[in-house]
């Protein structure tokens, strides 16, 4: 097919809607919005084939700021809405912008099931460990003991680890990044977009109003090398400012070791995001500060058929074997009789 | 298949114009199957039919217990009929529990066939009988026929190589055979069904065949059965017919709408009694391109419907009362985003889990008003199993022409009840095509409206029409988020006027009987059959009674007020505590009288007839 139309190369600007962005000044959401707009032109997906879906919360304002199709829906239900869109039009690229309350509290059930079905959507979980839009109550990812308006004596809830939840729900793509390291953020977003199936990305996002500095340990220039570990597929797990520390497995338990003195790189745990069993990814999702450096990057990326592809195949197979159903046949099926 | 004729007999035959038979037994006894076979056979034979399955909520309650009794009533007639019959003329009771729970339904002097073998000490105790009712004379008001069904079935089918237990499983067909003989029903349709159903297990096919025939010939030979009855073919308009239940008709209507609109049907649902059969039916229709989605819960199903509608599909869900409650927030999103979608609510007894397998009409106010904010949707109701097909098409016509969620009310009685349905000619079906805007370079206004106040249905994938919608209030025309107070009031009124405007596109309220009479009986939903028959009976006694059965509940037909006001009195029978009554009184200031029944079962014709008499006298 010859196409003479000159395809215009899109730029980040083309993805901006005419609406003013209304997040608080200094919010981490701005950085995520900017990086999404930056990577979209790399994907060669036309504007009209993109849909951003969200629930309720600060992060859920996201669709209004994108010059694509979008639905700002109701609290927690974005995965259901997105699944419906993919059922109607499987070739659309669908993104979900959600927060820790939206995805893991009110929408926990829908999150699990969208992930287990492997619907081809990209889920961006803006984790700021607080309820921002309702002005500062503790969230399902807030640390125990968190003092907020609704927990003046400290929260007695144990927090969820979003990535452990996603891996437990059979996620095929799981990653973590944060709002400060924009290069890392953009790389992870691009990989999530290119993955076929549900991509689940936890983004550490600073809420400078209600939970400021929540991730400073992981993003601070001086601390990040010791508090985080960058995952690289096929590479040994090394971290530290001087890259002199590593993660080694002791039985089923990871431990931090100092390289040298007989400890070689080959003794360390090697990251493998493609291993079919999710055990390694799960183990990594259980490493958190201050006991361990927190892994950032892609934990898991495996290929499974998507929900909509399998449904489409069933329809195709059935049309092939029975022929495409006609209205006549539909109405006259089963036992009929003629009254004369 | 050509209509078969009554089978010959050597015994005297009495011609009667209609008969109602009820099968009752343990839920594992195959009573539903026996009932369905009698239904199919009678329909194919050419009678008019109406059925009422009556099953327990428990899948398999303890054998012989009262809770485990499953029943199936079928009414067949040479006249047009509208209900499965008030009581039954013949009751087949497979055990004492079935007798105890169903005897009230049997007419005095009716035929009572019992499986004598099941009336042992243990079963009698489980049913709470201190004495054997077959022996203590308490059945004297009925024509009692004691049949050793277990023993006769075993003798008939024991040489098929099956275990005794498996042989006994065919006793429902022995009972069916006996009923076939009693009413001159042809065995061929059921023999054909057995052959195709058990093709891969010839021994089971043989056992069922032998049991059916043994029951039939037992009737012919034993002296207990002196007379047989014959119900002649009904005079039914010519055409091709099939039997449908309400749930089947909804499923057919959904697929037909999708074919007529040339759009993909997305049906997202969570299993719930009594709506699940719609999902089951549709899941078989993959070769029609139907996409069914069994969601993780009711809320997700509704969310997926909103998403699929945004994506340009014909989107529908089915549920029952508790599910409708869970869906209400997402239906509100459908109202705010003004997308077309259909919610089928197959009502059951409430509140809460209520009576899942029993029928009720107590969700009308939930459908009308059960959402936060001023949140109007179109509400329509089917009045018979086959009407579910027409009203499903109507639901999608309204949804797409007015860009709105539509709630279609059915109930457990319509869902599981069956009647003959004249297969419609394709040419007689409505045009369901819907247009979508294409980008023309101008700025797109997602909340601009046409003369129906309908906003454009722009679907993702259309270049130049990218837009964002959501649950926040919209600015009129441009569709951006707006917190402006005046705009909000304008939008609330616009949404209200849009739904009210549907009245211009629906038929006027029909009245059966004379306008201006002494009494108008107003109903909605599945009570149609009982009401219309009761009104016929009342008029046969020389009264001037009319009935108006409302299929469009929001908005009402435009002439409804005039219809109501042109009768001296208005009576509204409902299977609830007066929900339509509230709406009619509020909207038209008509002093209507309510008549309520909330027993999880439909009105009897006689109950409504009696109430009509009382109201006319009072």
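The values are calculated or read from the model by the stated rules, or taken from the named source; none is laboratory data. Bear in mind that the values here come from a model prediction, so they are computed numbers and not experimental data. Don't worry about glycine lacking a Cβ; one is built from the backbone with ideal geometry, like all the others, and counts go over all protein chains shown.
Of everything in the stretch B:442-488, what is part of a loop (DSSP other than H, G, I, E, B) and more than 14 Å from chain A (Cβ to nearest Cβ)? Give them in sequence order. Lay out the reasoning, then the answer.
Step one: of the stretch B:442-488, the residues part of a loop (DSSP other than H, G, I, E, B) are B:442-446, B:448-467, B:471-473, B:475-476, B:478-480, B:482-484.
Selection gives B:442, B:448, B:449, B:450, B:451, B:452, B:453, B:454, B:455, B:476, B:484.
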query = With A:265, A:273, A:316 as the choices, which residue is within 14 Å of chain B (Cβ to nearest Cβ) and surrounded by 12 or more Cβ atoms within 10 Å (Cβ to Cβ)?
reply = A:316
query = Among the residues of the stretch A:281-296, which ones are touching a helix residue (DSSP H, G or I) at 6+ places or on another chain (Cβ under 7 Å) and not in a helix (DSSP H, G or I)?
reply = A:286, A:289, A:293, A:294, A:295, A:296
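If I ask for residues that are in contact with a strand residue (DSSP E or B) (Cβ under 9 Å, 6 or more places away or on another chain) and within 26 Å of residue B:576 (Cβ to Cβ), which ones from the stretch B:306-324 would you list? Please lay out each step first, then the result.
From the stretch B:306-324, those in contact with a strand residue (DSSP E or B) (Cβ under 9 Å, 6 or more places away or on another chain) are B:306-311, B:313-321, B:323-324; that's our starting set.
Passing the criteria: B:316, B:317, B:318, B:319, B:320, B:321, B:323, B:324.
Kindly indicate whether residue B:278 is closer than 27 Å to residue B:49 by Cα, in contact (Cβ under 8 Å) with a residue 40 or more places away in the chain and assigned to a helix (DSSP H, G or I).
Values: closer than 27 Å to residue B:49 by Cα: yes; in contact (Cβ under 8 Å) with a residue 40 or more places away in the chain: yes; assigned to a helix (DSSP H, G or I): yes.
Yes, satisfied.
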note = residue B:350 meets each of (1) touching a helix residue (DSSP H, G or I) at 6+ places or on another chain (Cβ under 7 Å); (2) in contact (Cβ under 8 Å) with a residue 24 or more places away in the chain; (3) surrounded by fewer than 24 Cβ atoms within 10 Å (Cβ to Cβ); (4) facing another protein chain (nearest Cβ under 9 Å) with one exception, condition (4)
message = Can you pull out every residue in the stretch B:76-108 that is in a loop (DSSP other than H, G, I, E, B) and either outside the structural domain of residue B:133 (by TED's automatic domain parsing) or surrounded by 24 or more Cβ atoms within 10 Å (Cβ to Cβ) (or both)?
response = B:83, B:84, B:85, B:94, B:95
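Name the one entry in B:207, B:226 that is buried (at least 23 other Cβ atoms within 10 Å of the Cβ), over 18 Å from residue B:94 (Cα atoms) and assigned by TED's automatic domain parsing to the domain that holds residue B:78. Steps first, answer last, please.
On the way: B:226 fails: buried (at least 23 other Cβ atoms within 10 Å of the Cβ).
After ruling out the rest, the residue left standing is B:207.
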request  = May I ask you to list pairs of residues, at least six apart or on different chains, whose Cβ atoms are under 6 Å apart, with the first in the stretch B:111-138 being over 23 Å from residue B:172 (Cα atoms) and the second being modelled with pLDDT of 95 or more?
outcome  = B:129/B:96
ask   = Looking at (1) part of a loop (DSSP other than H, G, I, E, B); (2) touching a residue at least 12 places away in the same chain (Cβ under 8 Å); (3) more than 9 Å from chain B (Cβ to nearest Cβ), which is the one condition that is false for residue A:76?
value = (3)
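Has the stretch B:49-72 got any residue that is in a loop (DSSP other than H, G, I, E, B), touching a helix residue (DSSP H, G or I) at 6+ places or on another chain (Cβ under 9 Å) and within 14 Å of chain A (Cβ to nearest Cβ)? Full working, then the answer.
Within the stretch B:49-72, the subset in a loop (DSSP other than H, G, I, E, B) is B:55-65.
After this cut, where a residue has to be touching a helix residue (DSSP H, G or I) at 6+ places or on another chain (Cβ under 9 Å) as well, the list is B:55-58, B:60-65.
With within 14 Å of chain A (Cβ to nearest Cβ) added as a condition, the list becomes none.
No, that holds for no residue.
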remark   = Residues in the stretch A:81-96 that are at the interface with another protein chain (Cβ under 7 Å from one of its Cβ atoms) and assigned to a strand (DSSP E or B) total 0
ask   = In this structure, does residue A:70 turn out to be under 18 Å from the mean Cα position of the chain (by Cα), without any contact (Cβ under 8 Å) to a residue 60 or more places away in the chain, buried (at least 24 other Cβ atoms within 10 Å of the Cβ) and at the interface with chain B (Cβ under 8 Å from one of its Cβ atoms)?
value = yes
query = Can you name the strands (runs of 3 or more DSSP E) wholly within the stretch A:157-230 that have at least 1 residues being surrounded by fewer than 23 Cβ atoms within 10 Å (Cβ to Cβ) and touching a strand residue (DSSP E or B) at 6+ places or on another chain (Cβ under 8 Å)?
reply = A:228-230
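Being under 15 Å from residue B:287 (Cα atoms) and in a loop (DSSP other than H, G, I, E, B) is the filter here, so list the residues in the stretch A:301-331 that pass it.
Taking the stretch A:301-331 as the starting set, the residues that turn out to be under 15 Å from residue B:287 (Cα atoms) are A:310-331.
Listed by number, the residues that qualify are A:323, A:324, A:325, A:326.
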remark   = The correct count of residues that are touching a residue at least 24 places away in the same chain (Cβ under 8 Å) and in contact with a helix residue (DSSP H, G or I) (Cβ under 6 Å, 6 or more places away or on another chain) in the stretch B:188-208 is 6
message = Going by what's in this entry, would residue B:536 be described as farther than 30 Å from residue A:65 by Cβ and assigned to a loop (DSSP other than H, G, I, E, B)?
response = no
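List the helices (runs of 4 or more DSSP H) that sit entirely inside the stretch B:153-239 and contain at least 2 residues that are under 30 Å from residue A:340 (Cβ atoms) and within 14 Å of chain A (Cβ to nearest Cβ).
Per the criteria, B:188-197.
Taking the condition assigned to a helix (DSSP H, G or I), more than 9 Å from every other protein chain (Cβ to nearest Cβ) and surrounded by fewer than 24 Cβ atoms within 10 Å (Cβ to Cβ), does residue A:14 pass?
On the way: assigned to a helix (DSSP H, G or I): yes; more than 9 Å from every other protein chain (Cβ to nearest Cβ): yes; surrounded by fewer than 24 Cβ atoms within 10 Å (Cβ to Cβ): yes.
Answer is yes for this residue.
Quick check: anything in the stretch B:22-29 closer than 16 Å to residue B:601 by Cβ and away from chain A (no Cβ under 14 Å)?
yes
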key: Condition met for residue A:291 (in the same structural domain as residue A:175 (by TED's automatic domain parsing), at pLDDT 95 or above and loosely packed, with under 15 Cβ neighbours inside 10 Å)   = yes
ask   = How many residues are surrounded by fewer than 19 Cβ atoms within 10 Å (Cβ to Cβ) and assigned to a helix (DSSP H, G or I) if we restrict to the stretch B:572-608?
value = 7
remark   = Being closer than 20 Å to residue B:524 by Cα and under 22 Å from the mean Cα position of the chain (by Cα) narrows B:377, B:346 down to just B:346
query = residue B:315 passes all but one of (1) within 14 Å of chain A (Cβ to nearest Cβ); (2) buried (at least 24 other Cβ atoms within 10 Å of the Cβ); (3) out of contact with any helix residue (DSSP H, G or I) (no Cβ under 6 Å at 6 or more places or on another chain); which number fails?
reply = (3)
query = Within the stretch B:302-310, is even one residue facing chain A (nearest Cβ under 9 Å), over 16 Å from residue B:396 (Cβ atoms), free of Cβ contacts under 8 Å to residues at least 24 places away in the same chain and in contact with a helix residue (DSSP H, G or I) (Cβ under 8 Å, 6 or more places away or on another chain)?
reply = yes
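Please pick out the residue among B:283, B:261, B:275 that is modelled with pLDDT of 95 or more and within 11 Å of chain A (Cβ to nearest Cβ).
None of the other options fit; the residue is B:283.
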request  = Just give me the residues in the stretch B:260-284 being more than 17 Å from the chain's Cα centre (by Cα) and buried (at least 23 other Cβ atoms within 10 Å of the Cβ), in sequence order.
outcome  = B:265, B:266, B:267, B:268, B:269, B:270
